[in-house]
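One structure is given below, encoded as structure tokens.
The values are calculated or read from the model by the stated rules, or taken from the named source; none is laboratory data. Since the structure is predicted, the reported quantities are computational estimates derived from the model, not experimental observations. When we count neighbours, we look across all protein chains shown, and the Cβ atoms used for this are built from the backbone with ideal geometry, even at glycine. For accessibility, only protein heavy atoms count, side chains too; no ligands or nucleic acids. Shrake-Rupley method; radii C 1.70, N 1.55, O 1.52, S 1.80 Å.
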Amino acid sequence: MNFSEPCRLTGLLGRISPDGRCLASCVQYRLIVRDVTTLQLLQLYTCLDQIQYIEWSSDSLFILCAMYKRGIVQVWSLEQPDWHCKIDEGSAGLVASCWSPDGRHILNTTEFHLRITVWSLCTKSVSYIKYPKACQQGIAFTKDGRYMAVAERRDCKDFVSLFVCSDWQLLRHFDTETQDLFGIEWAPNGCVLAVWDTCLEYKILLYSLDGRLLSTYRAYEWSLGIKSIAWSPSSQFLAIGSYDEKVRILNHVTWKKIAEFEHPAMVADTKTVVYKEVEKPPSVETERLSFPPTRALASSLFSTQSKYDISQVPVSFQYIKPVADRANPKMGIGMLAFSSDNCFLATKNDNIPNAVWIWDIQKLKLSVVLEQLCAIQSFQWDPRQPRLAVCTGNSKVYLWSPAGCVSVQVPMEGEFQIVSLCWHPTGDSMALLSKENFCMCYLEREEVK
């Protein structure tokens, strides 16, 4: 495993292009595009104000930079650096911006969610979608890029509109049986749309492409409900994480629950492997000591190394009781993600912030728990194989695969607290992001099966 030199970053704005060739990062009002493998500077663009959001187009030819405070979006071309586009929403303001799947239209959501404006880069035409709902996940595209679903709110009722992305024509418009719709997400095969309600009510609805209600699922009533959802890449399973610290798995045939995964404070099953991160003192041979010390040596001397031990079950985890009188309590399943081969599901229970739970989907059982020294900040699956990368806000990156678990110290001067990471599309490398810097981590080819 090799690491690049650190590069400056603001706002955690570092993105690898969909084709895997470039890496875009922001330093205040500057957009920097580098080669992924060498980090050689390819382009430098200057925006009108501090950049708050960036996104690559699907074909990796354009980059969108949103400056929400100014109500402006600037678009830059990699092929023609002199070409650029500026979209000013004016007094309507701007709260969100994203690409359409074809990479030639930009969807801007105005302040107070009054409308969504669809701007065409090719024809310079403008279309409007009225009454978009102010919710966490109100726009969803099918994976093939053919259809778009938009959550709407009008006359105190929730609706969903389905549009054809090629010409933005309305395909279907239907009301949803929700009190206060919170999010929408397509199955990867684009056949089913999941719609879920506010956390005050446990309710998830599944609609077909023609707007028919296929199924409604409610696990319980009169308690905080759904916190997170994830589709399996095959669209066979829908995982629903909730505030009761459980994940429920629905199947795609009957839309009934086939498994319920609990996240208790103690694991007693002898078939579950618990990897516990433990600190180990730095070990440096005296003959290697030199003055002044080399960068790598200084890094290894003054940073705490760690390794994994396999704990004997039963194992008790650090459990945090949430403050009852605060909004958005830190409880329940806050993160969940399926591996690319559909074989594993990784989850995090916010009541046990230092643990990642890895479930075997073929056996529908808990397979592994990673117990970290610090709280989990982020985790993400390798897009090509069942390998999970985890970061906990320190200068280490953790990797788990069915073969085992490893903790790797990033050799860097000063503090480098990794709070986010993203894999390269090939799974050969990943970008590690801190609040002020980022670096690339390159994995050996031999590890990739």
Inset, instruction - Can you confirm whether segment 410-420 contains a residue that is in a strand (DSSP E or B) and either hydroxyl-bearing (S, T, Y) or touching a Pro at 6+ places or on another chain (Cβ under 6 Å) (or both)? - result: yes
Inset, instruction - Tell me the strands (runs of 3 or more DSSP E) entirely within segment 100-210 that contain at least 2 residues that are within 25 Å of the chain's Cα centre (by Cα). - result: 105-109, 115-120, 139-141, 147-154, 157-164, 181-186, 192-197, 204-208
Legend entry - Answer from I63, I116, I54 - the residue that is in contact with a Leu (Cβ under 8 Å, 6 or more places away or on another chain) and more than 20 Å from R15 (Cα to Cα): I116
Legend entry - Filter result (over 16 Å from L200 (Cβ atoms) and of a type in the set (D, E)) within segment 210-259: D210, E245
Inset, instruction - Could you give me the residue pairs with C-beta distances under 7 Å whose first residue belongs to segment 156-182 and is free of Cβ contacts under 8 Å to residues at least 12 places away in the same chain, whose second residue is surrounded by 13 or more Cβ atoms within 10 Å (Cβ to Cβ) and among the hydrophobic types (A, V, I, L, M, F, W, C) wherever it lies, and which are 6+ apart or on separate chains? - result: Q169/F163; L170/F163
Inset, instruction - Can you tell me which residue among R146, R115 is of a type outside the set (F, W, Y), in contact with a Lys or Arg (Cβ under 9 Å, 6 or more places away or on another chain) and either on the phi > 0 side of the Ramachandran plot or open to solvent by 20 Å² or more (accessible area, probe 1.4 Å) (or both)? - result: R115
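Among residues belonging to segment 60-71 that are in contact with a strand residue (DSSP E or B) (Cβ under 9 Å, 6 or more places away or on another chain) and open to solvent by 10 Å² or more (accessible area, probe 1.4 Å), point out the one that is nearest to T109 (Cα to Cα).
In this case the residue turns out to be Y68.
Go through segment 368-385 and report how many residues are open to solvent by 30 Å² or more (accessible area, probe 1.4 Å) and in contact (Cβ under 8 Å) with a residue 24 or more places away in the chain. Outline the logic, then answer.
Quick first cut of segment 368-385, residues open to solvent by 30 Å² or more (accessible area, probe 1.4 Å) only: 373-375, 377, 380, 383-384.
Filter once more, keeping what is in contact (Cβ under 8 Å) with a residue 24 or more places away in the chain: 373, 377, 380, 383-384.
Of the residues in segment 368-385, 5 are open to solvent by 30 Å² or more (accessible area, probe 1.4 Å) and in contact (Cβ under 8 Å) with a residue 24 or more places away in the chain.
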Inset, instruction - Run L224 past the list (1) aliphatic (A, V, I, L, M); (2) surrounded by 21 or more Cβ atoms within 10 Å (Cβ to Cβ); (3) modelled with pLDDT under 95 and report the number of the one that doesn't hold. - result: (2)
Legend entry - Which numbered condition V192 misses (of (1) over 27 Å from G241 (Cβ atoms); (2) at pLDDT 95 or above): (1)
Legend entry - Which numbered condition T270 fails, given (1) surrounded by fewer than 18 Cβ atoms within 10 Å (Cβ to Cβ); (2) over 23 Å from the mean Cα position of the chain (by Cα); (3) under 30 Å from F163 (Cα atoms): (3)
